[in-house]
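The values are calculated or read from the model by the stated rules, or taken from the named source; none is laboratory data. Since this is a predicted model, take the numbers as computed values, not measurements. Counting neighbours? That spans all protein chains shown, and the Cβs are built from the backbone with ideal geometry, glycine included. Accessible surface areas use protein heavy atoms only, side chains included; no ligands, DNA or RNA. Shrake-Rupley method; radii C 1.70, N 1.55, O 1.52, S 1.80 Å.
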Amino acid sequence: MNPLRPLARLLSTPHVQTGLALGAAAAIEANQPSLMERPRTDQALVVAGSFASGYVAGSAYTRSVGKLPIASPLATDVAMGVASGAVAAVLGPKVGSSRLASLATTAVRTWSYSSAAAVTTGIARGFVSRAGTRDSKARNAALVLALGALDVVSFMYLRDRISRYATDGRVPPGPGDIAWTLSVGTSVAVTAGSAIMAERTVARSSATVLADRFGGRAAAWLPATHAVFGGALAMTARSGLRHVLAKIEASNSRTEAGYAEAPTVGTVSGSADSVVAFDELGLQGRRFVLEASPGERIDEVMGEAGSMDAIRVYVGVDSAETVEGRIALAIEELERTGAFDRSVLLVGSPAGTGYFNYIPVEAAEYLARGDIASVAIQYGSLPSMLSTSKIPLAVEQHAALLRAISDSVARRKADSRPRVVLYGESLGAQTSQGAFVGGGTDVLEELGIDRGLWAGTPYAGKWRRELFAGGPNVDGSLFGRFATIDEYRSLPDIDRSALRFFFLDHHEDPVTRFGPDVAYRQPAWLGPAGRRPPNVSRTQQWVPAVTFWQTAIDTKNAATVIPGAFNALGHDYRADLAQFVSAAFGLTNVTNEQMASIEAQ
């Protein structure tokens, strides 16, 4: 038996052909520009996801329409395509549509795309089939002609998508990169699909064998065989994922050569008289406490004398088993180090790994001349994209820390209380703001929060959306959203003086843009080209599912920064932070020369 015959039989199935056609179109569409530049390995993942989405949609369409005994399959596809295409043209897409309307419109559009793919494959199939009724040579020639026409159309389609890079002023990918990503991406999608199909085939065959051996219908045995073989496949994938996550967590707990020795000053956690053990701070905690700014360095940077040693308090996730235990350690450390005697107390919510960006903390230490204490508590050891399950814990922990600090500050005399300011970045911004959901700006006043700065708040952040939607407990004069410091400085003096809470969000930051709804709803940032925000592609078109995969991978890449190479692009906010810290925290006693010295340092 020819081993390729089952494959040939599968490829001749109409629903497979439609799926492959729509998958190929989606894979080509995935090569248009998006928010961020992508290395070709990541672009291959975008192609894989887009191809798989297109295949599933196209295959499902043909399976559904094939059950409608209306007319011949080709006539049915043409009718479906004309009808759905007309409805899709009338409906949109439209920016700002409701979730239900967007789902309905996208379903119609996807139906239209699928019917177009089905018509194309149906015409090609009929052309080859009729040629085959005469002789095999004619059939082979027809097949070559059909494939050649498909190649020409695909090439023109792809060339248009690539040309958009030059229109945006970007360098387009080279032919080698395009060919590599298309081939590898589709291979990844096909391999994953093959594994699922193999499980399905084995489960069905096993069900038939069991029915013959023990009796009953094969369909009755099918759930059991799927449970066995599908479970085995899932367990294998889960085991591999757990192994990868364990390695990541271990890497975030390792001890680095430059941060192996416990601090010798008592103004930071992990020192000899600290209640928090140095070896329980984790990789990010050890970095954080050992980089605290000494008074001598602050004097050198600011060109002044008399600065204090900055205080830094950090509690690792391994420092105590419970949230209550970690909060108690943090408060004890703040009391021990004299943090409540400083003029500013900076409370941060770290990212998923426990990373608390040192740029805003160090900048604040210079601007406050060391008269500042900073505190953060770790809640996990995985990167932010893998830490979404920890968000409720992180929110609970941060809210508890703020309440404990508020109680401690309230017990002090009014003239000796520190100003409590907040900083959060990325997932840390979301978990920091999670403590205020439903409370508007009133809750900040209740907790005694003086000022706040949040950079790159993820799209899923609820509190930010609540604020900008307005409400009875929201004072709109207290907060603002900015992409650059110039946007803030362009405000009238009266508006700037009222601001206390700052959202720093770059227009092209996919972390602030990416959510599940981008798969089925056109986002505002991909509206009419002339009204798009700065740094957002003018040529990218929203495509159901495809834009989801593009933005998802862009989100991963946006969070990758190069130490020492300071940028203000995407999800990298380091080059913005010194000046925003000065404005947001009210630490404005600084000359232009001193600010330049801070940024240089």
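Odds and ends about this structure:
- Taking the centroid of alpha carbons for each part, segment 315-353 and segment 568-601 are 25 Å apart.
- Sum of side-chain charges, residue 218 neighbourhood, beta-carbon under 12 Å (Lys, Arg +1; Asp, Glu -1): +2
- Counting only protein heavy atoms and a probe of 1.4 Å, the accessible surface of the chain is 61% carbon and sulfur.
- Interchain or long-range residues, amide H under 5 Å from residue 422's placed H: 347, 451, 452, 453
- Phi to ³J(HN,Hα) by Karplus 6.51 cos²θ - 1.76 cosθ + 1.60 over segment 520-537, Hz, x for Gly, Pro: 10, 10, 5, x, 4, 6, 10, x, x, 4, x, 10, 7, x, x, 6, 9, 3
- Each Lys or Arg adds one and each Asp or Glu takes one away; over the other residues whose Cβ falls under 15 Å from the Cβ of residue 174, this sums to +3.
- Sparse-neighbourhood loop sites, trypsin sites (Lys or Arg not before Pro) in segment 483-563 - DSSP loop, at most 14 other Cβ within 10 angstrom: 538
- Relative contact order of the chain, taken over Cα pairs closer than 8 Å and 6 or more residues apart, is 14 percent.
- Share of Cα-Cα pairs in segment 426-545 lying beyond 23 Å, as whole percent: 37
- Projected label distance in nm at residue 588 and residue 296, using a 7 Å step from Cα toward the beta-carbon: 3.5
- Charge dipole of the chain about the Cα centre (unit charges at C-beta), most positive-ward option of 483, 180, 76: 76
- Separation in nanometres of the label points that stand 7 Å from Cα toward Cβ, at residue 212 and residue 481: 6.3
- Local electrostatic count, residue 105, Cβ distance below 12 Å [Lys/Arg +1, Asp/Glu -1]: +4
- Basic side chains Lys and Arg get +1 at the Cβ, acidic Asp and Glu get -1 at the Cβ, and with that the dipole of the chain about its Cα centre reaches some 4000 debye.
- FRET E, pair residue 125, residue 95, Förster distance 45 Å, beta-carbon r, rounded to 0.05: 0.70
- 506, 15, ranked by accessible area, largest first (probe 1.4 Å): 15, 506
- Solvent exposure of the chain, expressed per residue, is 48 Å² of accessible area, with all protein chains present and a 1.4 angstrom probe.
- Projected-area mean, segment 488-601, by convex hull of Cα positions, square nanometres: 9.0
- Segment 381-507 - charge dipole about Cα centre, Lys and Arg +1 at Cβ, Asp and Glu -1, debye rounded to 20: 340
- With a simple spin-label model that places each label point 7 Å from the Cα along the Cα-to-Cβ direction, the separation between residue 568 and residue 318 comes to 3.9 nm.
- Rg/Rh (Cα only; Kirkwood hydrodynamic radius) as it applies to the chain: 1.06
- Set of aspartates and glutamates near residue 413 by C-alpha distance (under 13 Å), chain-local residues within fewer than 8 positions excluded: 341
- Take the Cα radius of gyration of segment 411-490 and divide it by 2.2 N^0.38 Å, N being the number of residues; the result is 1.17.
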